[in-house]
Amino acid sequence: MKLLNKSTLYFIIFLVPVFVVSWFVLFGLVSRQINDNADESLLAQKKIIIKNFIDTDSTELHFFNDADDDVKITSLSGSAASADLFSNTMAFDSTEMELVPFRQLKSTFIKDGKSFEIIVTRSTFKGDELAESISLALVIMFGLMLISVIIINRFISGRLFNPFYQTLEKLHHISFDESEPSFNQSSTREFDELNKALQQMTHKMFSDYNNQKQFTENASHELQTPLAVIKTRMDMLIQDKNLSEKSMEQIQEIEKSVNKLSHLNKSLVLLSKIENRQFEDSRDIDLRVMLDKILLAFEDDVADKNIVVQKEYNASPSIKINPLLAEILFRNLIQNSARHNVKHGIIKIKLTEQYFSISNSGESMKGNEEKLFERFTKFNPSVESLGLGLSIAKQICVYYHFDIRYQYLDGMHTFRVYFS
Amino acid sequence: MKLLIVEDELSLLGAITEYLSAEGYVCETATDYPSAAVKIADYQYDCIVVDITIPHGSGFKVIEDLKKEKSKAGIIIISAKDSLEDKIRGLQLGSDDYLTKPFHLPELNARIQAILRRKNFDGSNFIIFNEIKIDLLARHVYVHDHELTLTLKEYNLLIYFLANKNRIISKSAIVEHLWEDNVDQADTYNFLYTHIKNLRRKLIENGGEDYIHTVYGMGYNFKTT
């Protein structure tokens, strides 16, 4: 939910009780005001009637009572002088055919030593009608406020939040193979501070990245060069005719280790390069051609163990991938299936639009599956391996958001790479 | 044949020069960009072996200079960086090959020979050695004009041996040449044995001499003397 929508929602939620309280306050105030007005006019009417009554000589009460429905004068037997008394009553209104509320004033006065009681009444407002009117007014106000809030929000998100959205857009598109982004200045202090902080952060990120990249390259370079010296010097050394067979054997053992070291160095540099996302050059690749080429390199392993290779290419998935990484990924998986296979085993390769899967016969790993993709994991010490192949494959999958899964079923190890 | 080797690591430079000189090449050396630039301007070379990271400049600059001079020299880059971008850049600038360090000297030698062959014979491309004749374009091998049926690995092996005659080549150098990065050491050493045995048998069966000798514990030697 957008920030502004969220704030609007909270605003509305808080507005509801405010309007309920307002309703009661308004209702109380308005009805009091109406009563006050009624009382005042009742008092004024009473005064006039009493004055008229006293001024006339007649004591015919019915004359007054008949003249006006709202006035009733009765003579009192005893002498009484009580104060004005207001009250609310209900009476039947013949025109509206229902009980309607009335305000009445009861008072006493004396004419010629005789006490009279006067009751003046006046129809007043109906409570439910007032409540209805107030509710209607409040609902209209609520609606107007809602509309204005929405309009204001649209304006805010269009104008005020514009720098924020611009910054967000830039953050989405940060890529290390492009130049460092620059965040605009904003007249809003908060956004300006945000942009400044982000600028500092991305600057640090880019320089760290470049340092790391530099380090990786330097480390590789610095290690490969002495290895190259060892290797070439050894090529020279073995030309010596005076070497004994024993020395030759020693040299070969050294050479094996040097090769291993060089391979290890290359693999570690590769892993860190993948993790640092230094492979940006992606292109369309025909996986079928690539898989056949890789399989060719393992024909000796296949022939040696009498492995049956079953290929099933249903489709060539259109994936964009760095060709070097693609080759490493599939080579590692194919190498794994050849290396850990058994005599007269099977390698099944399946390629569809959605996934690549490779299965090979072999013994179960006895519950070590979670460690499968970890670095330097070896399950079969007799097989010469660095234990990096699958973790590199995994890293490449992570890099391209492919989902790589492993399964062991009916004596078959299966790796499946889902392209997403 | 005259070669220029540009490499700042002196020990490596020494090994390369020693090996290639013994192959009959005249080798000149440079250890940084300025000295390489001077040599390029003053002399003609048949092939140049150049490292990318050299002091006071870069191997790419050396290649650019060569192209400006309209030099016909073959160019082979040797770099510690196994980077696709560098390979592409090198090829775009006009280099002929890219070899990642660490490499074996017989490998470098074989690649230089391949480049020189390509440069010097346009159209037809043959390797002829005594009774053995290889048509590189058609990939046919003849011994005394009998055509041999070789597998791809046997064919590559033969060319590699012919490039490094009378040299002891370690098994690991041959394995790297035949399988490149797909090295599965323990097994490939056995596979190599089979391929060499088959190649040797096919050469002898067709009347060829037995050139390939096993050097115990170490590797093989294609002996012609």
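The values are calculated or read from the model by the stated rules, or taken from the named source; none is laboratory data. In this text, all values refer to a predicted model and were calculated from it rather than measured experimentally. When we count neighbours, we look across all protein chains shown, and the Cβ atoms used for this are built from the backbone with ideal geometry, even at glycine. Keep in mind that these areas ignore ligands, DNA and RNA; they rest on the heavy atoms of the full protein, side chains included. Shrake-Rupley method; radii C 1.70, N 1.55, O 1.52, S 1.80 Å.
When chain B is described by a simple charge dipole with +1 on each Lys and Arg Cβ and -1 on each Asp and Glu Cβ, the residue from B:I174, B:M218, B:N125 located farthest towards its positive end is B:N125.
Every pair of different Cα atoms in segment A:192-275 enters the Kirkwood calculation, which places the hydrodynamic radius at 16.0 Å. Here the dipole of chain A is about 1820 debye; that uses its Cα centre as origin and unit charges on the Cβ of Lys and Arg (positive) and Asp and Glu (negative). Between 0 and 90 degrees, rounded to the nearest ten: what's the tilt of helix A:389-399 against the longest Cα principal axis of chain A? With both axes taken from Cα atoms, the answer is about 30 degrees.
Accessible surface of the protein assembly as shown, 1.4 Å probe: 55 percent of it comes from carbon and sulfur atoms. About its Cα centre, segment A:302-420 has a charge dipole of approximately 100 debye under the convention of +1 per Lys or Arg Cβ and -1 per Asp or Glu Cβ, with nothing else charged. Please name whichever of A:N242, A:A228, A:F215 sits farthest to the positive end of the charge dipole of segment A:192-275, dipole taken about the Cα centre and charges placed at Cβ: Lys and Arg +1, Asp and Glu -1. The residue sitting most towards the positive pole is A:N242. Summed over the residues of segment B:73-125 and divided among them, the accessible surface reaches 36 Å² per residue at a probe radius of 1.4 Å. Counting only other chain Cβ atoms within 10 Å of each residue's Cβ, the peptide B:100-113 averages 4. Once the Cα atoms are used to define both axes, helix B:185-205 deviates from the longest principal axis of chain B by about 60 degrees.
Once a ≥ b ≥ c are taken as the square roots of the eigenvalues of the Cα gyration tensor of segment B:2-120, is the result rounded (a/c under 1.5), prolate (a/b larger than b/c) or oblate (a/b not larger than b/c)? Because its axes are fairly even, with a/c under 1.5, segment B:2-120 counts as rounded. Database remark: amide H of B:I54 closer than 5 angstrom to the amide H of B:G59 (H placed geometrically; neighbours at sequence offset of 5 or more, or on other chains; Pro and chain starts carry no H). To the nearest 10 degrees, how steep is helix B:59-68 against the longest Cα principal axis of chain B, on a 0 to 90 scale? In chain B, helix B:59-68 runs at an angle near 80 degrees to the longest axis. Accessible area per residue for segment A:299-420, computed on protein heavy atoms with a 1.4 Å probe, is 48 Å². The Kirkwood hydrodynamic radius of chain A, based on inverse pair distances between different Cα atoms, is 32.2 Å. Here the dipole of chain B is about 400 debye; that uses its Cα centre as origin and unit charges on the Cβ of Lys and Arg (positive) and Asp and Glu (negative).
Contact-buried residues of segment A:196-222, at a threshold of 30 Å² lost accessible area versus the chain by itself: A:E217, A:H221 (1.4 Å probe; DNA, RNA and ligands ignored).
Just checking the listed ones, A:L271, A:L146, A:L160: in the Gaussian network model of chain A with Cα springs under 10 Å, the one fluctuating most is A:L146. Of the trypsin sites (Lys or Arg not before Pro) found in segment B:1-78, those in coil by DSSP whose Cβ has at most 14 other Cβ atoms within 10 Å are B:K70, B:K72.
In segment A:1-48, a dipole from Cβ-located charges (positive for Lys and Arg, negative for Asp and Glu) runs towards its positive end, and of A:N5, A:Q33, A:L15 it is A:N5 whose Cα lies farthest in that direction.
Where in segment B:6-24 does accessible area fall by at least 30 Å² between the isolated chain and the complete protein assembly, at a 1.4 Å probe radius? Those residues are B:E9, B:S11, B:L12, B:A15, B:E18.
Chain B against chain A buries an accessible area of about 4100 Å², both chains summed, 1.4 Å probe radius. Per-peptide packing, taken as the mean over residues of other Cβ atoms within 10 Å, places A:331-338, B:203-210, B:107-114 in the sequence A:331-338, B:107-114, B:203-210 from highest down.
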